[in-house]
Amino acid sequence: MALRSVPWLPPPPPPLLLLVLLVVVVPCLAAEGGEATVEYLVNVILIQNDHLPWSLDKVAPFIALGIEHANRRLRSAGLNAHISATYDSFISFSENPQKVCIDTDCEAKEKLHAITENNLLGCAVIGPTCQYAAYALLRVIKRYERMVVSAGSFGLSTTFVPELTRTLLSAVKVSTFFVDFWRLVQPHRKPVAWSTAYVLSGNSYNYDVCLWYIQALLENIKVASRNKMFNSTKTELDNQLIEVPTLDKLSNALMMRESNVVIFCGDAPHIYNVTSSLEKSVKNIFQELVFVALDLFGGGHVAAEQNYTIRGTVLMVTLPTLNVTLPVAEQHINASNAKIPHVNKFAEAYYETMLIYGDFLKKSLQDGTFTCSSTDATAMRGKNYIGKDRMVHIDENGDSEGELEVLYLHNNKFHVVWQYDTWKNTFREVSNLSFTLPTDIPEREENHATIIALFAISVIFIVLILGFLLLWRKYSVERQLRTQRWVIPWVKLGDLPEDENNSTHEVHQRKLSVYFVPDGSFESDAITKKKYDNKVVMLKPLSVYDREFTNTQKRELCLLISMACDNLNKFYGTTVGGIGVTYAVTDYCSRGSLWDILQDEVTYPEDTLMDWEFKVSIMHDIAKGMVYLQNKIGAHGRLKSINCVVDSRMVVKVTDFGLISEREDRDRSLKSTPRPENAVKEKIISYAQMLKARTRGQNKLFNRFIARRSNPCDEIRPTRPSSKLWMAPEHLRAGGVSPKGDVYSFGIILQELLYRRGVFYIRDGSYSESEITERLMCTEDTERFRPTLEESVIVDKTGGSEMFQMISDCWDENPERRPDFKRLEGILKRISNKIHQGHGGTYVDSLIWRLEQYSKNLERLVEERTHLYKRERDRADELNYQLLPKSAVMALKAQGFVEPELFDAVTIYFSDIVGFTTICKHSEPMEVVCLLNDLYKAFDAIVDSYDVYKVETIGDAYMVVSGLPRRNGAHHAAHIADMALDILGFVGTFQVDHFPGLPLWVRIGIHSGGCAAGVVGNKMPRYCLFGDTVNTASRIESTGLPWRIHTSTSTVKILTEIESGHVFEERGRTELKGRGTEVTYWLIGKEDLTKTLPVPPEIDIGHGMKGEFEEMIKDLKRRRRRNPRAPNRRPRTDALVKVEHPLEYLQILIPPPDHEDTLL
């Protein structure tokens, strides 16, 4: 396709030459080693029409001049780059008979296709200016991946297009100017901000440009500036733009005008036409109007100043002039004898556009980021570029920033008075001209008679409305009283599932119990839990029997049911139990009261969950609930931490409010009764006797209620603090309730929440509840008596003294000086925001941080509990290992039972104390216990040195086995034999504490054979041995002699086979009960034995001790009586009977090496 010829340009080069210049982009070597210049082609596509200021023939010379200056800058920067351009035009506009810029979508496709086919597609497209043409081009440019740079395309439809860069101010920028100018306030020129205006949209002046700015002003204001001044909603007269399509309709609108400001597009001649026409139609108000004319690209205010006189207050908004000259273009014009092109602001804008593009190309080539694609448009944004004697900033949307000038008409001449920077959104005064703009809200002249009539009619209407409302309210109240909305039938209350009820019974037993405090009032949220309307509710007993409420109380109940606030505990109504007791039905809050939470420092630790920010949040919740409550019913009267309950979401709710008359009646009745709990109990019982039929659920509730009254544990259960500790001093003295009294109670709750030391905490003294009450009631104290409140602590936590001053004000002795809850809520909100800002981040960050702290606290608790569990598990295992073999314990833990086993070869040891019965006869019981304890501890120490298992001790009998449960081959006999020698050697030196000098004769028997072993029984399980070997070992022991080790033939055989080195002495044939006679042996030593064995006595002593042994004991007792001062070891009974603290479980105390005592 041939290039379109332009009169002032030389003939274009042949297409083949352009193709060569475009394709040869890779630098080629020139003469003497230089580098060739790289051509960067741009495609100029504009509409050709003599009626438009941006026509191709009017703008192209300035584009060529801009390219020439841009190339100079490239050469000055040392870059071998050269910008060249092709010129083409849309022809659809020129052929359009209406001379209106129309959609040229098809032509845009054809133009780009032809350029591409001729290999002339450059790196960027310059233009078009027309909104429709630009929109059509941008729809097809995506497939070619090229950027578009336009000094036009002002409308909203081409905003936020990634391929487009606009070098003239867009409609969005101009709309933002109007918003900021309407907000502008300057005492000497614009005393007040404006908020309204008429917009004349149907304007013939420069229609194609004006259309897009007016449209953006009417549409974009709602999006970009909805929080500033304008609003298109016509129901708010103070915030609106009123669109008027024609001048005639504007005249009619100004007769009943809603604004004094008129916005329209127009130069000086057009302004004259508009103002002249309006001056004739609205002459009486003409001087109050302000005309704001939008003439960004014209210069009519300069050319027409001397031709006619414009009346009225006129402002004009325009762009500053760049003053571009065309010395080079004039040479082309003279050479071609063409007409000198007119310098307009579009021509200047396209000149600067090429300078901006050249500066962008220079920076991109220097950075190596130039891609010659549509991504260059994105890279061009957010940066500054050198234009015509100024810096031009391209914002993140691809729109250039610039300046607007506001001109004021004075003496028929326009003067620049403000310059507006679209980048900084600021105004700068550039003239000392003195003038004052009127307000935008018209001042109407009113008819006083009409006003009086309207006022009278309004008063009559209001009185009628109020009368109707009063009658309707009275009727509604009576209807509510008749319908009894507060009545809940008992059958609608269901029982909770057993698993749900039992799971929380122990946890909340303290929270759900009914307390009688010293003032005689009920201190609980309810007596029981029920299910109502799929919600868990609480039932609290009232003093009214069978719902016998007064009319005042009924109206209060209607009001309570209608109250709905997130920080008030929901009241559903009342119900009557089977015994005539009336209950109030309220929401159930699973975490109990705030008082319960403050006492529980384990579940709610101070530095994690209950941090300072969370405490302020609790205070804020209570304050919000009290603001709503006092607006509805006036006063709470019993505000305290016990009556602030916390739900599962940690939201604090105020409860136990309302029914003040019922509460006063109850208090009076309780004060007149010396024992309130007994009186209530007797009254309930009398009611129960009167009622003959009760349902099952009602009967259960009655029994539970009576059981709680009769429970002896109530006498020892700790009671909650008295309500008087929260009560204001004036109410302690004179009674009654008031909103200011609630403020005082709120201050007590705040101090309780800050310190967590209980209600009315005093650091330097300990006062009882009665002493605190007496001092509060006393009026003679020169200094008011209040809880501890340290300013330094509170200031350190909150970063200010607001909290300290707020609590101090709540405790003021004069109720009138105390703040109300609305003010308290505002203070707490400021404190909360200050704390949150100090932490940084968003509210979500704060919530996540609190959850992390709570999680860490839970992890710490789990770790502690796990450590305790492991310690107790190890101690339990240690105890089990003392009672059962380790293999049996592991089997029990793994599978719940122990498989019995059969062992082919084991050796069993039995021992017995000779004469033990006689020793017990002459000893105290504790002396016998100490004797066996000392003896068996020594035996146990010896047993631990061998591969043996202690089976049991029964009285003075001691049983040990080797070879089970762990098999050890044939060494079981050697282990038992060595252990028996050690035990015998120890017994020979053992002294009885209470019979010094009395020998302790032990009889030992060992036998080898097979047996079965296993754990038998569920209670007190023992690892028992079964078989003839056990019986034979017992017979071997019972037929032995003191200080002798009686051994069977089977054991001797095994020891001989393994050559253990033990020394035996044949005893001969011995009669064994149940087995006949067998050859047995005495084990008398071992070859390498170093211990000294005791010498067996030569007397024949049977089991039970003969007379000689008993005489020895009697002789020792006589000598002890004759010499009472003889050293005698006292039995150690402290470890056995004196226990300072009760044991929670059986303990096995293992002594350290330097400690000899062990508690079994």
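Do you know which residues across the range 1019-1063 are touching a Lys or Arg at 6+ places or on another chain (Cβ under 8 Å) and closer than 14 Å to Tyr909 by Cα?
Selection gives Thr1032, Arg1035, Glu1037, Ser1038, Gly1040, Arg1044, His1046.
Considering only the range 113-136, state which residues are among the small types (Gly, Ala, Ser), in contact (Cβ under 8 Å) with a residue 60 or more places away in the chain and surrounded by 24 or more Cβ atoms within 10 Å (Cβ to Cβ). It would help to see each step written out before you state the result.
Within the range 113-136, the first condition is being among the small types (Gly, Ala, Ser), and the residues that meet it are 114, 122, 124, 127, 133-134, 136.
Still in the list and also in contact (Cβ under 8 Å) with a residue 60 or more places away in the chain: 114, 122, 124, 127, 133.
Answer for the range 113-136, where residues must be among the small types (Gly, Ala, Ser), in contact (Cβ under 8 Å) with a residue 60 or more places away in the chain and surrounded by 24 or more Cβ atoms within 10 Å (Cβ to Cβ): Ala124, Gly127, Ala133.
Please verify whether Asp1028 is modelled with pLDDT of 85 or more, farther than 13 Å from Ala977 by Cα and not basic (Lys, Arg), treating the condition exactly as stated. Outline the logic, then answer.
Working: modelled with pLDDT of 85 or more: yes; farther than 13 Å from Ala977 by Cα: yes; not basic (Lys, Arg): yes.
When the stated conditions are applied, Asp1028 passes them.
Looking only at the range 1032-1048, which residues are among the β-branched types (Val, Ile, Thr) and in a loop (DSSP other than H, G, I, E, B)?
Step one: filter the range 1032-1048 for residues among the β-branched types (Val, Ile, Thr), giving 1032, 1036, 1039, 1045, 1047.
Passing the criteria: only Thr1039.
Restricting attention to the range 957-974, report how many residues are surrounded by fewer than 22 Cβ atoms within 10 Å (Cβ to Cβ) and not in a strand (DSSP E or B).
Keep residues of the range 957-974 that are surrounded by fewer than 22 Cβ atoms within 10 Å (Cβ to Cβ), which gives 957, 959, 965-971.
Retained after the next criterion (residues that are not in a strand (DSSP E or B)): 965-971.
So the count comes out to 7.
Select from the range 1054-1081 the residues that are in contact (Cβ under 8 Å) with a residue 40 or more places away in the chain, touching a Ser or Thr at 6+ places or on another chain (Cβ under 8 Å) and under 24 Å from Gly985 (Cα atoms) and list them in ascending order. Walk me through how you get there before you give the answer.
Taking the range 1054-1081 first, the residues in contact (Cβ under 8 Å) with a residue 40 or more places away in the chain are 1054-1055, 1057-1058, 1060, 1062, 1072, 1074-1075, 1080.
From what's left, touching a Ser or Thr at 6+ places or on another chain (Cβ under 8 Å): 1054, 1072, 1075, 1080.
Of everything in the range 1054-1081, those that are in contact (Cβ under 8 Å) with a residue 40 or more places away in the chain, touching a Ser or Thr at 6+ places or on another chain (Cβ under 8 Å) and under 24 Å from Gly985 (Cα atoms) turn out to be Ile1054, Thr1080.
Residues that are over 27 Å from Tyr604 (Cα atoms), at least 1 per element: which helices (runs of 4 or more DSSP H) completely within the range 753-824 meet that? Explain how you work it out, then say what you get.
Numbers: elements: 769-777, 791-798, 802-810.
Qualifying helices (runs of 4 or more DSSP H): 769-777, 802-810.
Quick one: Thr375 ticks every box in (1) over 52 Å from the mean Cα position of the chain (by Cα); (2) modelled with pLDDT under 95 except a single one, so which number is it?
(1)
Can you tell which of Gly988, Gly1014 is touching a helix residue (DSSP H, G or I) at 6+ places or on another chain (Cβ under 9 Å), of a type in the set (Gly, Ala, Ser) and not in a loop (DSSP other than H, G, I, E, B)? Lay out the reasoning, then the answer.
Details: Gly988 fails: touching a helix residue (DSSP H, G or I) at 6+ places or on another chain (Cβ under 9 Å).
Only one candidate qualifies: Gly1014.
Say we look at the range 728-748 and pick out the residues that are in contact (Cβ under 8 Å) with a residue 40 or more places away in the chain and of a type in the set (A, V, I, L, M, F, W, C); which of these is nearest to Ser770 (Cα to Cα)?
Only one residue tops the list, namely Leu732.
Residues are listed down the side, and each one gets a yes or a no for (1) outside any helix (DSSP H, G or I); (2) within 19 Å of Phe614 (Cβ to Cβ); (3) among the acidic types (Asp, Glu); (4) modelled with pLDDT of 80 or more:
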{"position": "Asn833", "(1), (2), (3), (4)": "no, yes, no, yes"}
{"position": "Gln837", "(1), (2), (3), (4)": "no, yes, no, no"}
{"position": "Gln853", "(1), (2), (3), (4)": "no, yes, no, no"}
{"position": "Leu858", "(1), (2), (3), (4)": "no, yes, no, yes"}
{"position": "Val862", "(1), (2), (3), (4)": "no, no, no, yes"}
{"position": "Tyr869", "(1), (2), (3), (4)": "no, no, no, yes"}
{"position": "Glu872", "(1), (2), (3), (4)": "no, no, yes, yes"}
{"position": "Arg875", "(1), (2), (3), (4)": "no, no, no, yes"}
{"position": "Leu879", "(1), (2), (3), (4)": "no, no, no, yes"}
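Could you identify the single residue in Phe181, Phe154, Phe177 that is at pLDDT below 90 and of a type in the set (Phe, Trp, Tyr)?
Values: Phe181 fails: at pLDDT below 90; Phe177 fails: at pLDDT below 90.
Among Phe181, Phe154, Phe177, only Phe154 is at pLDDT below 90 and of a type in the set (Phe, Trp, Tyr).
Would you point out the residue of the range 592-626, among those that are outside any helix (DSSP H, G or I) and of a type in the set (Gly, Ala, Ser), that is farthest from Glu825 (Cα to Cα)? Explain how you work it out, then say what you get.
Residues of the range 592-626 that are outside any helix (DSSP H, G or I), as a first pass: 592-593, 600-611.
Within this subset, residues satisfying the condition of being of a type in the set (Gly, Ala, Ser) are 592-593.
Values: Gly592: 24, Ser593: 21 Å.
Of everything passing the filter in the range 592-626, Gly592 is farthest from Glu825 (Cα to Cα).
If we scan the range 1097-1109, do we find a residue that is modelled with pLDDT of 80 or more and buried (at least 16 other Cβ atoms within 10 Å of the Cβ)? Break it down into steps so the answer makes sense when it comes.
Let us first name the residues in the range 1097-1109 that are modelled with pLDDT of 80 or more, namely 1097.
Pick out the ones that are also buried (at least 16 other Cβ atoms within 10 Å of the Cβ) and you get 1097.
Looking through the range 1097-1109, at least one residue is modelled with pLDDT of 80 or more and buried (at least 16 other Cβ atoms within 10 Å of the Cβ).
Which of the residues belonging to the range 118-131 are of a type outside the set (S, T, N, Q) and either touching a His at 6+ places or on another chain (Cβ under 9 Å) or under 18 Å from Cys372 (Cα atoms) (or both)? Working first, answer last.
Going through the range 118-131, the residues of a type outside the set (S, T, N, Q) turn out to be 120-128, 130.
Residues satisfying the conditions are Leu120, Leu121, Gly122, Cys123, Ala124, Val125, Ile126, Gly127.
With Asp982, Asp978 as the choices, which residue is modelled with pLDDT of 90 or more, acidic (Asp, Glu) and under 23 Å from Gly1010 (Cα atoms)?
Every option except Asp978 fails the conditions.
Go over the candidates Thr1051, Thr1029 one by one and state the one that is assigned to a helix (DSSP H, G or I), among the β-branched types (Val, Ile, Thr) and either under 20 Å from Thr953 (Cβ atoms) or under 60 Å from the mean Cα position of the chain (by Cα) (or both). Walk me through it before giving the result.
Details: Thr1051 fails: either under 20 Å from Thr953 (Cβ atoms) or under 60 Å from the mean Cα position of the chain (by Cα) (or both).
Checking each option against the conditions leaves just Thr1029.
Tell me which residues, restricted to the range 1039-1064, are farther than 16 Å from Tyr1081 by Cβ and in contact with a strand residue (DSSP E or B) (Cβ under 9 Å, 6 or more places away or on another chain).
Across the range 1039-1064, the qualifying residue is only Pro1042.
Return the residues of the range 470-511 that are among the aliphatic types (A, V, I, L, M), surrounded by 11 or more Cβ atoms within 10 Å (Cβ to Cβ) and at pLDDT 85 or above; say none if nothing qualifies. Spell out the reasoning first.
Initial filter on the range 470-511 (among the aliphatic types (A, V, I, L, M)): 470-471, 477, 481, 487-488, 491, 493, 496, 507.
Applying the additional criterion that residues be surrounded by 11 or more Cβ atoms within 10 Å (Cβ to Cβ) yields 477, 481, 487-488, 493, 496, 507.
Residues satisfying the conditions are Val487, Ile488, Leu493.
What are the residues in the range 249-278 that are assigned to a helix (DSSP H, G or I), over 21 Å from Phe414 (Cβ atoms) and without any contact (Cβ under 8 Å) to a residue 12 or more places away in the chain, if any?
Step one: list which residues in the range 249-278 are assigned to a helix (DSSP H, G or I), which gives 249-255, 268-278.
Imposing the further condition that a residue be over 21 Å from Phe414 (Cβ atoms) reduces the set to 249-255.
Lys249, Asn252 - these are the residues of the range 249-278 that are assigned to a helix (DSSP H, G or I), over 21 Å from Phe414 (Cβ atoms) and without any contact (Cβ under 8 Å) to a residue 12 or more places away in the chain.
Would you check if there is a residue in the range 862-874 being surrounded by 14 or more Cβ atoms within 10 Å (Cβ to Cβ) and without any contact (Cβ under 8 Å) to a residue 24 or more places away in the chain? It would help to see each step written out before you state the result.
Filtering the range 862-874 down to residues surrounded by 14 or more Cβ atoms within 10 Å (Cβ to Cβ) leaves none.
No, there is no match, as no residue in the range 862-874 is surrounded by 14 or more Cβ atoms within 10 Å (Cβ to Cβ) and without any contact (Cβ under 8 Å) to a residue 24 or more places away in the chain.
For the range 151-200, what are the residues that are part of a strand (DSSP E or B), among the hydrophobic types (A, V, I, L, M, F, W, C) and not assigned by TED's automatic domain parsing to the domain that holds Glu243? Give the steps one after another, and end with the answer.
Quick first cut of the range 151-200, residues part of a strand (DSSP E or B) only: 164-166, 186, 190, 196-200.
Restricting the remaining residues to those that are among the hydrophobic types (A, V, I, L, M, F, W, C) gives 164, 197, 199-200.
Within the range 151-200, Leu164 is the sole residue that qualifies.
For every residue, the table says whether it meets (1) buried (at least 24 other Cβ atoms within 10 Å of the Cβ); (2) under 43 Å from the mean Cα position of the chain (by Cα).
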position	(1), (2)
Phe160	no, yes
Thr165	yes, no
Leu168	yes, no
Ala171	yes, no
Thr176	no, yes
Asp180	no, yes
Val185	no, no
His188	no, no
Ala193	no, yes
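The values are calculated or read from the model by the stated rules, or taken from the named source; none is laboratory data. Everything numeric in this text was worked out from a predicted model, so none of it was measured. Please note: Cβ atoms are built from the backbone with ideal geometry, for glycine as well, and neighbour counts cover all protein chains shown.
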